[in-house]
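Worksheet for the structure shown next.
The values are calculated or read from the model by the stated rules, or taken from the named source; none is laboratory data. As the structure is a computational prediction, the values presented were derived from the model and not from experiment. Ideal geometry is used to build each Cβ from the backbone, glycine not excepted, and the neighbour counts take in all protein chains shown.
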Amino acid sequence: MPIGLPTETLTASNPVAQSVTTFPNVINEGETLAYVLQLDDGAGGAILNTDFTAITLTLVDEETFVVINSRNAQDILGAGKLGDNNVVFSTAALLTWNMQALDTPVVDPTGTKKYEYHRAIFRFEYDLGLGAGPEVAIHEVRLVVKNAFSPITPL
């Protein structure tokens, strides 16, 4: 059974449950803030952090695919299953990614773009013990990052 993710798009025909969302605010270059994700068992029930065997985070620029802040399939579950690498994962499957300034740079070498679009890709491997075996879910978050040196203009 796929775990529940906040979603606009779930692909039932795909064996990997997938969801994509856009972060609600434009992020200023170098800004630090939090992204919170609540997971459930797909039926609205509780899921435990111990049900996860791996959680990774990849952060890339959408145009160039440059990996940002060395977050290329980076382990964020941690050995104690309570989070790692600026991510806190509670026993009630509440994941909080505390974005650092290095997570929100402008990577355009010309510095001329007003905005960049980055993609954070969370990959969850889990086993709910229902006989289905290990499963995978992917949650993607689109981030809009504003160049600190560009004039303020609407998107």
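May I ask you to list the residues in the range 46-79 that are more than 13 Å from the chain's Cα centre (by Cα) and in contact (Cβ under 8 Å) with a residue 60 or more places away in the chain? Once the filter is applied, which keeps residues that are more than 13 Å from the chain's Cα centre (by Cα) and in contact (Cβ under 8 Å) with a residue 60 or more places away in the chain, the range 46-79 yields I47, D51, F52, T53, A54, E62.
On the stretch given as the range 15-35, residues that are at pLDDT below 90, out of contact with any Asp or Glu (no Cβ under 7 Å at 6 or more places or on another chain) and either hydrophobic (A, V, I, L, M, F, W, C) or more than 19 Å from V136 (Cα to Cα) (or both) total 6. Does the range 57-70 hold any residues that are modelled with pLDDT of 95 or more and of a type in the set (S, T, N, Q), and which are they? Scanning the range 57-70 gives T58, N69, S70. The set of residues in the range 100-116 that are modelled with pLDDT under 85 and over 13 Å from F149 (Cβ atoms) contains only P109.
When R142, R123, R119 are checked against the criterion of being more than 23 Å from D41 (Cβ to Cβ), in contact with a Ser or Thr (Cβ under 6 Å, 6 or more places away or on another chain) and modelled with pLDDT of 80 or more, a single residue qualifies: R142. The residues of the range 98-132 that are buried (at least 21 other Cβ atoms within 10 Å of the Cβ) and within 13 Å of L39 (Cβ to Cβ), listed by number, are F122, F124, Y126.
Counting the residues of the range 22-64 that are assigned to a loop (DSSP other than H, G, I, E, B) and either among the β-branched types (V, I, T) or touching a Gly at 6+ places or on another chain (Cβ under 7 Å) (or both) gives 8.
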